[in-house]
Every structure is written in structure tokens, then in C-alpha cells.
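Asker: There's a structure below that I have some questions on.
Throughout, read-outs are computed from the coordinates displayed, never taken from laboratory work. Please read these numbers as outputs of a predicted model, since none were measured by experiment. Methodologically, a virtual Cβ is constructed for each residue, glycine included, from the backbone with ideal geometry; neighbour enumeration extends over all protein chains shown.
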Amino acid sequence: MTVRVLLADDQPLIRTGFRMLLNATEDIRVVGEAADGAEAVRRAHELDPDIVLMDVRMPGTDGVEATRRLTDAELSCRVLILTTFDLDEYAFAALRAGASGFLLKDVPPEELISAIRAIAAGDAVVSPRITRELLNRHAETLSPGQEHGQPDPLADLTPREREVLFEVAAGLTNAEIADRLVLSEATVKTHITRILGKLGLRDRVQAVIFVYENDLRRS
């Protein structure tokens, strides 16, 4: 299967570099470009890409707002944010808006290609370290926990699924969760798929944010 990518960046030279790199692979093709977020949204509707490689900071409509619009439109494409700083507040906001991960602009080519393939396959791309640091750094911006008497947001999860969810929220990889809970990686992946389905979430990044927004973190 060929992964179809839309490039969104206000710098033509950067778009050219990414286009050359991605088109040199056998299974990834750049199907269009956009110079700002508004154009990225329009082009995504026109071209129906699998992935939008989105610069987070662009003049006019930035990557955060563009990601929010794409998520609200319920398009099938997934957004991979590009940023200059590893703890970029804009990148965090884009994750909350529906992005499936973010990478630094100077990421090694093989990591970018691997990330695009992973997101196209339904995974999310944010390292556990960055996930933890982002959420800890911006915890005060998240919504307050559920009030007393409110329904349990995890009521539909089994006890094991709750365990897995909390480990995901701690930034653990599937392999680390499997080791900690004495499960196979395949079983962990199955649990995560079921958790996402029950909670109506797109990927593990959204699952992490869900836990923090609902103040479900374990002490």
C-alpha cells in the first residue's frame, strides 16, 4: 500500500526537501503541498491524503488550528506535526486538537519515514519521554477532574484494560507494558485497540490526554 502524504509548511525549500526524501521511498508519495494551515485543510479535502505532514507554526492559520479543523471534519487523514522545539507548546496543543504525534524538523530521514508508516498503520508517534514531559509541563492547562457524583469515564473498561490504560498514560511502550503486566505485546496491542474503541479515541496519544483531562492519574 502506498501512503499518500500532503506537505504543509510555509517554507518552499523545506517542502522541496521533504518531497524529494519521501518520493524516493517505494511506499510513500507526496500528493500535494500547502503553504499554510488554511490551504492544508482545503487540499486535504481535495486530495484525501493518508497523512498530513504539518508544520506547527505557520503564518495565518497555524498547524494547531488546521489540525483542529481536520479533526472536526472527520476526514480519514491523520496529522503528523513538525516542530523546531522538542517541548513546543504549539505541538502539545496540536496533540490535543487531534494530531497523532510530532517530530522535530531535523529528525533523521529514516525516523521520519518510519513515523509516517507507523501513523498510517494507526499508531501514534511521540516518545514516552516527551509525552511525560509535555503532560507534566502543561498539566495546569488541562481540564479539571470529574466532579463528585459524575459518571465514571472508565466504566466500560475491564480491570485489565484500566491497568493498560494507566501504563499508556505513564508513557510506557507496548513492550514495557507487556513486561510490567506479564502479558504478550500482541495482547497489550489488543487491549489498547479495545480501550480506544470503548473511549472513542483515535490513538494512544489521545488516550494519554484523556487520562490527564479527566484527572484519572494514579498516585
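Asker: Which one, Asp179, Asp48, Asp62, has the greatest fluctuation when you compute a Gaussian network model over the chain with C-alpha springs under 10 angstrom?
Answerer: Residue with maximal mean-square fluctuation among Asp179, Asp48, Asp62: Asp179.
Asker: What angle, in degrees between 0 and 90 and rounded to the nearest 10, separates the Cα long axis of helix 128-137 from the longest principal axis of the Cα atoms of the chain?
Answerer: 80
Asker: Shifting gears a bit: What angle, in degrees between 0 and 90 and rounded to the nearest 10, separates the Cα long axis of helix 37-47 from the longest principal axis of the Cα atoms of the chain?
Answerer: 90
Asker: How large is ³J(HN,Hα), in whole Hz, for each residue of the stretch 163-175 in order, when computed from phi with the Karplus curve 6.51 cos²θ - 1.76 cosθ + 1.60 and θ = phi - 60°, using x for Gly and Pro?
Answerer: My calculation for the stretch 163-175 gives 4, 4, 4, 5, 5, 4, 5, 7, x, 7, 7, 4, 5 Hz in order.
Asker: Over the stretch 145-213, what is the relative contact order in percent, taking alpha-carbon pairs closer than 8 angstrom and at least six residues apart?
Answerer: The normalised contact order for the stretch 145-213 reaches 37 percent.
Asker: With 10 Å bins from zero, work out the P(r) of the stretch 3-126 over every alpha carbon pair and list the percent per bin.
Answerer: With 10 Å bins starting at 0, P(r) equals 15, 54, 30, 1.
Asker: Same structure, new question: What is the dipole size for the chain, taken about its Cα centre, with +1 at each Lys and Arg Cβ and -1 at each Asp and Glu Cβ, in debye to the nearest 20?
Answerer: With Lys and Arg at +1 and Asp and Glu at -1, about 340 debye.
Asker: Just order 1-11, 15-25 by mean Cβ neighbour count inside 10 Å, highest at the front, would you?
Answerer: Details: 1-11: 19.5, 15-25: 14.9.
So the peptides 1-11, 15-25, ranked by packing, come out 1-11, 15-25.
Asker: Okay, next question. Under the 0.36 nm per residue contour assumption, what length would be gained going from the current alpha-carbon distance of Ser76 and Thr158 to full extension?
Answerer: 26.6 nm
Asker: While we're on this one: Which whole-number value in Å³ per residue fits the convex hull of the alpha carbons of the stretch 71-121?
Answerer: Spread over its residues, the Cα hull of the stretch 71-121 gives 68 Å³ apiece.
Asker: Further question: Can you pull the three principal axis extents for the Cα set of the chain, in Å, largest first?
Answerer: Taking max minus min along each principal axis of the Cα atoms, the chain gives 51, 35, 29 Å.
Asker: If you wrap a convex hull around the alpha carbons of the stretch 145-213, what volume per residue comes out, as a whole number of Å³?
Answerer: Working: hull volume 5.7 nm³, N = 69.
Each residue corresponds to 83 Å³ of Cα convex hull volume.
Asker: Please give the calculated 222 nm ellipticity per residue for the chain, where each DSSP H segment of at least 4 residues contributes -39500 (n - 2.57) and the sum is spread over every residue; nearest 500 deg cm²/dmol?
Answerer: That comes out to -15000 deg cm²/dmol.
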